[in-house]
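A short worksheet on the structure shown next.
Read-outs throughout are calculated quantities, based only on the coordinates presented, and are distinct from any laboratory measurement. In this text the structure is predicted, and so the values were computed from the model without any measurement. Every residue, glycine as well, gets a Cβ built from its backbone with ideal geometry; the counts of neighbours run over all protein chains shown.
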Amino acid sequence: MTTAVAHPEPHAASGHAQRGISNPILGMLLFITSEVMFFAGLFAAYFATRAANTPWPPAVFAHILDPLGPIIFATILLIASSFTCQFAVWSIRRGDRRGYLRNIGITFVLGVVFLAMQVYDYGLLFSEGMTMGSGPFGTTYFTLTGFHGAHVFGGVLMLGVILYRGMAGQFSAKHHDAVEAVSLYWHFVDVVWILLFTILYLI
Amino acid sequence: MATHALSPAAAGYRGGVYEWLTTTDHKKIGIMYLVNSFFFFLIGGIFALLVRTELATPGIQLFENEHVYNEAFSIHATVMIFLFIIPILAGLGNYAVPLMIGAPDMAFPRINALSFWMLPLGGILLLAGFLTEGGAAAAGWTSYPPLSERGALSSPGPGQDLWIVSLVLIGTSSILGGINFLVTIFKMRAPGMTLFRMPIMVWTILVTSVLVVMATPVITSALVMLFIDRNYGGSFFLPDEGGTAVLYQNVFWFYSHPAVYVMVLPAMGVISEVLPVFSRKPLFGYKAFIFATAGIGALGFSVWAHHMFTTGAVFLPFFALMTFFIAVPTGVKMFNWVFTMFRGQLTFSTPLVFAIGFLTMFLIGGINGAFSASVPVDFALHDTYWVVAHLHYVLFGGSVFGVFAGIYYWFPKMTGRMLDEGLGHIHFWIMFVGFNLTFFPMHMLGIKGMPRRIADYDQFAGWNDWNLLATIGGFLIAVSMLPFIWNVFVSLRNGKVAGDDPWEGNTLEWATSSPPPPYNFDRLPEIRSERPLFDARHGPTAHGGHGGPDQEEAPKLLEEDGHDDQGPTA
């Protein structure tokens, strides 16, 4: 505990850890793992509830589950946003900041449009009298899509942050862990939606 | 300390309290975890005493009615599980893991602080239930619907909602902590610290963190659904509206059974550090222990429905079989521990005494648990005091004894002072006797058919004597905390100065000063085995790897130590 301890760089001893996957990205992957398990709980509840109730969906609400209605546009937009998000990652890996900003900007806008469409959809459902309290169908529908929507909202906030940071010039080909991490999260949100769309609308 | 002025983090130094409230140092956060959890241990203990006082004799004496009694045992269990055992083990891990792997801190120090600060907030929300109309949550720590649902005969008050919110917060804290541990363990190990040279404590925290990250979100989903049912007119768990009540039990236990291992694996890690040090031997079967730990973690996900045998809604043979299977890796560990001590030079210091307490009590907890794994026996014993005895033998006899072993073991490292051995032994013996006096009679009560969670019982049911005995034991446990608290206060001021390595430990935390500097290590010893400090003390490694300057002594050491898990030579 004398002069030898003058260690100005608190993380000097972790210098060896620079190989392999970076800490923030590993952290995000683990966080996504936990999110997968969260949705697994909700999905399990959905299947259990659906199995206990026939017919599913109840006749009154059968018409809202038209997979070729407006929902297909929202789905296509969200899937497209996953692609633009990945284009943004590839751009910044090359060091192409303009391409990065363009793609992440498009992703951000697509995410916002998806949310807007979901809000509009909810408005339509409410006007037809379907709420959280309309029996097991309403409960599961709004819980699953609602939690997905909340995750999209979280993703949009993250996209906003990396868009802002990108405009401030904080990312380069070498330093863009945040972009990689957010893109992983965004893909996860997209995959959840594809599963949700499949179980709610298709099967 | 002089080091503060040179550390960039010290720029905004404002003295004691501010420093603690804003710290991101894993050691300070670890100590705050311990202090906070111990505080909630005392609160949970007070509720336990209230419950035991009520049950000492037949009739309703202490509580104004049964509902208040329900609140007391619900909050007792919730506090003990979610605000004491899980976080205090996370606290020991928080303190020890970065030191044990030679890292300067956790991977995400600020998230670490966030994880901690969610705990007191969650605790305050939980206890705030008592201030609301209708009182705190009263549906047990499991909060099964329909008891916990909306509706006049269930839990209409906001206490149950506060319980849900509090548990979601604490669960989030756990998840963030688990992610932090995993990234720290995978990414921050010192050069030479391979996975199979990590201390067992680190391995148990690793497996625990996997369980936390994979299982805790599932209970969050159950809690969220319950909250939706209660507040937004949902019908997940309401059969008359098309929901399924057993669904909650499935989702709840999918978390809460792995959570049992979250509550005991780190304590197993603690005693796996303590036993070798105080037996002067390496851990018997290091790799077997690791695989057993991983096996418990994996099997832990396939036994959740053994809590639900009597629902008639689960596939009994599968869950009974898997539950018996999980006894196998646990048995492996018992052999590891017993043979670590076998023919060792035992020093009966307080940490070892508590570790032996763990071994013996956890053995009873394992055996009476195996009874309940058998379906026909479980049908008879389900929801009786037998189960209360079992879970306390595992969680108190196991985990809490392990926690105290860890506190006595690492207190010198944390504070630079030794705890008093005499008071430590007094603490142990009062607690040991009190514990058995409290919980052993519950086996008899269970077999005699006394259901759990009742405030009153018939005076001719034949339960009076055992209940009185258990209550006396409960107060003995409370008394045993006095020498411990006194010990901590006295030793902090006047305890013997510990020095860097008072126990002649094996692992890296003993290579730095006590207490360690903010960045943990000035320099690290060579890491060529799972006992780098043993190697540093006794010259070259006896475990293969490249030898040190006096290599010729290596074979002799090998023989003396009888360390035989490397090659056929020994």
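Data table
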quantity	calculated
9 Å beta-carbon shell around B:ASP105, net charge (K/R +1, D/E -1)	0
Burial ordering of B:LEU476, B:LEU226, B:LEU99, fewest other beta-carbon atoms within 10 Å first	B:LEU476, B:LEU99, B:LEU226
Trypsin sites (Lys or Arg not before Pro), loop per DSSP, at most 12 other Cβ atoms within 10 Å - longest free stretch of chain B	B:15-342
Theoretical FRET efficiency, 1/(1+(r/R0)^6), r = Cβ-Cβ of B:VAL497 and A:ALA116, R0 51 Å, to 0.05	0.15
Calculated FRET efficiency for the pair A:ILE203/A:ALA173, C-beta based, R₀ 45 Å, to 0.05	0.55
Shielding by partners, peptide B:318-330 (average Cβ within 10 angstrom, other chains)	0
Kyte-Doolittle mean at least 0.5 and Cα axial length at least 30 Å: DSSP H helices in chain B	B:26-55, B:158-187, B:200-231, B:245-279, B:350-373, B:421-447, B:464-494
Equivalent ellipsoid, region B:148-282 (semi-axes from 5 times Cα gyration tensor eigenvalues, Å)	40, 15, 12
Listed residues B:MET100, B:PHE358, A:HIS176: farthest to the positive end of the dipole of the protein assembly as shown (Cβ charges)	A:HIS176
5 Å-binned pair-distance histogram of region B:101-168 (Cα, whole percent)	4, 17, 21, 17, 11, 8, 7, 7, 5, 3, 1, 0
Cβ charges +1 (Lys, Arg) and -1 (Asp, Glu), total dipole of region B:452-548, debye	140
C-alpha long axis of helix A:97-127 to longest principal axis of chain A, angle in °	30
Column: log10 I(q)/I(0), Debye, Cα scatterers of chain A, q = 0.17 Å⁻¹	-1.12
Sum of -39500 (n - 2.57) over DSSP H runs of 4+, divided by residues of the protein assembly as shown (222 nm, nearest 500)	-22000 deg cm²/dmol
Per residue convex hull volume, Cα atoms of region B:282-440, in Å³	127
Sequence of A:VAL192, B:VAL17, B:VAL68, B:VAL218 once ranked by neighbouring C-beta atoms within 10 Å, starting from the fewest	B:VAL17, B:VAL68, A:VAL192, B:VAL218
Ranked B:TRP466, A:TRP186, A:TRP56, criterion: other C-beta atoms within 10 Å, fewest first	A:TRP56, B:TRP466, A:TRP186
D_trans [Stokes-Einstein, Kirkwood Rh over alpha-carbon pairs] for region B:330-415, 4 °C, 1.567 mPa s, µm² s⁻¹	91
Label-point separation, A:ARG165 to A:ALA62 (7 Å along Cα→Cβ), nm	5.0
Check: region B:197-341 dipole with +1 on Lys, Arg Cβ and -1 on Asp, Glu Cβ, in debye	780
Computed magnitude of the charge dipole of the protein assembly as shown (debye, nearest 20; Cβ of K, R +1, Cβ of D, E -1)	1380
Projected-area average for region B:111-207 over all orientations - Cα convex hull basis, square nanometres	7.6
Over 28 Å (Cα to Cα) - which of B:LYS28/B:LYS187; A:LYS174/B:LYS187; B:LYS281/B:LYS413; B:LYS281/B:LYS496; B:LYS28/B:LYS287; B:LYS28/B:LYS281 fall in this group	B:LYS28/B:LYS287; B:LYS28/B:LYS281
Value of Rg/Rh across chain B [Cα atoms, Kirkwood radius]	0.97
In degrees, nearest ten, helix A:70-94 long axis to first principal axis of chain A (Cα)	10
Dipole of the protein assembly as shown, positive end: most advanced residue of A:LEU77, B:MET263, A:GLY99 [Cβ charges, Cα centre]	A:GLY99
Rg to Rh quotient for the protein assembly as shown, alpha carbon positions, Kirkwood Rh	0.98
Number of partner chain Cβ atoms within 10 Å, mean per residue of B:507-517	1
More than 13 angstrom apart: percent of Cα pairs within region B:285-358	71
